[in-house]
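To start, the structure itself, in structure tokens.
The values are calculated or read from the model by the stated rules, or taken from the named source; none is laboratory data. All values reported here derive from a predicted model rather than from experimental measurement. Ideal geometry is used to build each Cβ from the backbone, glycine not excepted, and the neighbour counts take in all protein chains shown.
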Amino acid sequence: MPQDDHGHHTVTIIINTRPYDWEAKEITFEQAVELAYPGQPPTEQDTYTVRYSRGHDGHGSGSLTAGHSVKVKNGMVFDVYRTSRS
């Protein structure tokens, strides 16, 4: 894992097939949604689902919900879905 001048480890995570360099040890539901849909603030009609795979042992795959986070590791994959009610 690459390390910057401050001792932070950078990992590459995949969100909706796009790679991102990530320095934090965890990612929140809200951060994953923002990376998947940049500059598109959620509305009351939008519902998001965040699923991940290739995570840490015991937490290799699962779902993230609003207000929660998960530890990241290099190559971890996130699928973020937006559903809009009409």
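Only one of these conditions is not met by Arg54: (1) at pLDDT 95 or above; (2) farther than 20 Å from Thr83 by Cβ. Which number is it?
Answer for Arg54: the failing condition is (1).
Among the residues of the range 39-61, count how many are surrounded by fewer than 14 Cβ atoms within 10 Å (Cβ to Cβ) and not in a loop (DSSP other than H, G, I, E, B). It would help to see each step written out before you state the result.
Filtering the range 39-61 for residues surrounded by fewer than 14 Cβ atoms within 10 Å (Cβ to Cβ) gives 39-41, 43-45, 47, 53, 56-61.
Applying the additional criterion that residues be not in a loop (DSSP other than H, G, I, E, B) yields 47, 53.
Of the residues in the range 39-61, 2 are surrounded by fewer than 14 Cβ atoms within 10 Å (Cβ to Cβ) and not in a loop (DSSP other than H, G, I, E, B).
With the requirement that a residue be surrounded by 12 or more Cβ atoms within 10 Å (Cβ to Cβ), without any contact (Cβ under 8 Å) to a residue 60 or more places away in the chain and charged (D, E, K, R), what does the range 62-86 give you?
Answer for the range 62-86, where residues must be surrounded by 12 or more Cβ atoms within 10 Å (Cβ to Cβ), without any contact (Cβ under 8 Å) to a residue 60 or more places away in the chain and charged (D, E, K, R): Lys71, Arg82.
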